[in-house]
Amino acid sequence: MRYLISIVFFLGCFSISAQVDSLRLICKPTTVNHVDPQDLLWMYRQRDTLRHHGAATNLQVSINGQLISLLDSTSLRYLASSQANFPTLDSIYADVLNTETSAFALQKDSLLVQVSKLGWSMHYLQAVRNLQRQQQLNRSGRSQVLLSFHNFNLAADVGLYLRRRYLRRSPRYLRMGQMAKSLGMFWGGDFVGFPDPGHIQRFKNSAALINQYSVLAFEFEKYRDHYEAIYQKNALQVEKVLDTKALLITLNRLKVGKVCACQKAILPIMNLPAEDAARVEVNTDQNWVFIKPYQSNGYYYSLGRWAYETKN
Ligand SMILES: [Zn+2]
């Protein structure tokens with residue numbers, strides 16, 4: 001019997017670790033014969049996480065010694081995002097999200113009309129928000145995330161008032177939330193980990209947004225460490241971080257098979273001109289990528305492709 005219990009316990013542990021592992025990707029060294037300019041921007045972002053971030057001023061990309069001009073709209077968006085300390089995501093992705101921001105504006109108008117019909121006073125406190133403000137809110141504990149729907153103009157905060165006084169808490173927010181949901185929006189009062197009754201948004205969660213607009217994965221990728229930390233911190237109460245889990249799984253699905261810079265630096269820095277520009281340089285004959293942030297040292301990495309980490 002005790003033997004059986006240990007087997008069940010062992011299998012239980014195994015299934016938990018297998019689940020966590022499915023969230024993990026590794027850059028698997030492999031020969032890469034062809035890269036697209038976008039692959040280079042993704043590899044830059046891969047190194048450009050919270051630990052290393054800063055504007056990639058004057059980012060230059062080259063493939064086999066040829067400087068590449070980035071011309072397609074997606075690359076230009078990635079470039080604009082990488083080259084700013086606090087990119088204005090709502091304007092960089094305005095064309096991509098135009099349908100959604102317009103539909104959300106209509107939903108917000110309808111909500112205002114409905115709430116006003118109850119004789120309640122309501123104002124939108126904040127809709128679009130810049131990244132700098134978002135990060136201040138995160139530091140002060142007023143927001144759990146570093147990237148929010150507000151940054152894409154797909155969320156708004158509602159203030160309800162009674163005799164001109166702002167209501168911080170009130171059962172009226174529940175009613176407002178029900179109305180928002182009946183109009184097709186998502187209500188912050190339903191958030192499990194960090195309920196926010198004054199908040200409404202266009203999408204259920206970040207995973208739903210990225211599933212529809214995969215180009216936005218590039219923005220969430222920058223905060224991967226942050227989302228992984230949130231997930232790990234709550235690994236024993238996964239129900240609190242289901243949205244974070246869905247986000248990581250979605251990001252991983254989009255990354256598997258894509259070109260990456262494998263962790264190990266393969267060559268020392270040699271004879272490199274001391275210049276300020278940020279650079280990504282790929283050599284497919286020798287299978288390496290050189291990545292250099294702005295005003296900082298660059299390193300060589302061997303080329304590879306993202307793969308799910310599997311346990312032997
Ligand atoms: Zn909000």
**Filter result for the condition that a residue is under 25 Å from Asp109 (Cβ atoms), within 16 Å of the ligand (Cβ to nearest atom) and surrounded by fewer than 20 Cβ atoms within 10 Å (Cβ to Cβ), over Gly193, Gly189** = Gly189
**Asked** Which pairs have Cβ atoms under 9 Å, sit 6 or more apart or on different chains, and link a residue in region 144-168 that is over 23 Å from Ser102 (Cβ atoms) to one that is of a type in the set (D, E, K, R) and more than 11 Å from the ligand (Cβ to nearest atom)?
**Response** Leu146/Lys222; Leu160/Arg172; Leu162/Arg172
**Prompt:** Do the conditions hold for Val115, that is, is it crowded, with 19+ Cβ neighbours inside 10 Å and modelled with pLDDT under 95?
**Reply:** no
**Asked** Condition test on Gly65, is it in the same structural domain as Met185 (by TED's automatic domain parsing), surrounded by fewer than 17 Cβ atoms within 10 Å (Cβ to Cβ) and over 21 Å from Ala207 (Cβ atoms)?
**Response** no
**Complete:** Selection over region 134-150 where residues are within 13 Å of the ligand (Cβ to nearest atom) and within 14 Å of the chain's Cα centre (by Cα) yields a count of 7
**Request:** Quick one: which residue in Arg202, Arg224 is out of contact with any Lys or Arg (no Cβ under 6 Å at 6 or more places or on another chain), more than 16 Å from the ligand (Cβ to nearest atom) and of a type in the set (D, E, K, R)?
**Result:** Arg224
**Asked** Does Val241 fit the bill of being within 30 Å of Asn283 (Cα to Cα) and in a helix (DSSP H, G or I)?
**Response** no
**Prompt:** Filter region 151-174 for residues that are closer than 16 Å to Val113 by Cα and away from the ligand (no atom under 15 Å from the Cβ); which is farthest from the chain's Cα centre (by Cα)?
**Reply:** Tyr161
**Candidate set: region 205-218, residues that are touching a Lys or Arg at 6+ places or on another chain (Cβ under 9 Å) and in contact (Cβ under 8 Å) with a residue 40 or more places away in the chain; chosen: the one surrounded by the most Cβ atoms within 10 Å (Cβ to Cβ)** = Leu209
**Selection count, region 82-128, where residues are within 19 Å of His199 (Cβ to Cβ) and part of a loop (DSSP other than H, G, I, E, B)** = 3
**Asked** When you look at Tyr231, is it crowded, with 21+ Cβ neighbours inside 10 Å, more than 12 Å from the ligand (Cβ to nearest atom) and modelled with pLDDT under 95, yes or no?
**Response** no
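The values are calculated or read from the model by the stated rules, or taken from the named source; none is laboratory data. Source: prediction; values computed, not measured. Note that we place each Cβ from the backbone using ideal geometry, even for glycine, and neighbour counts take in every protein chain shown.
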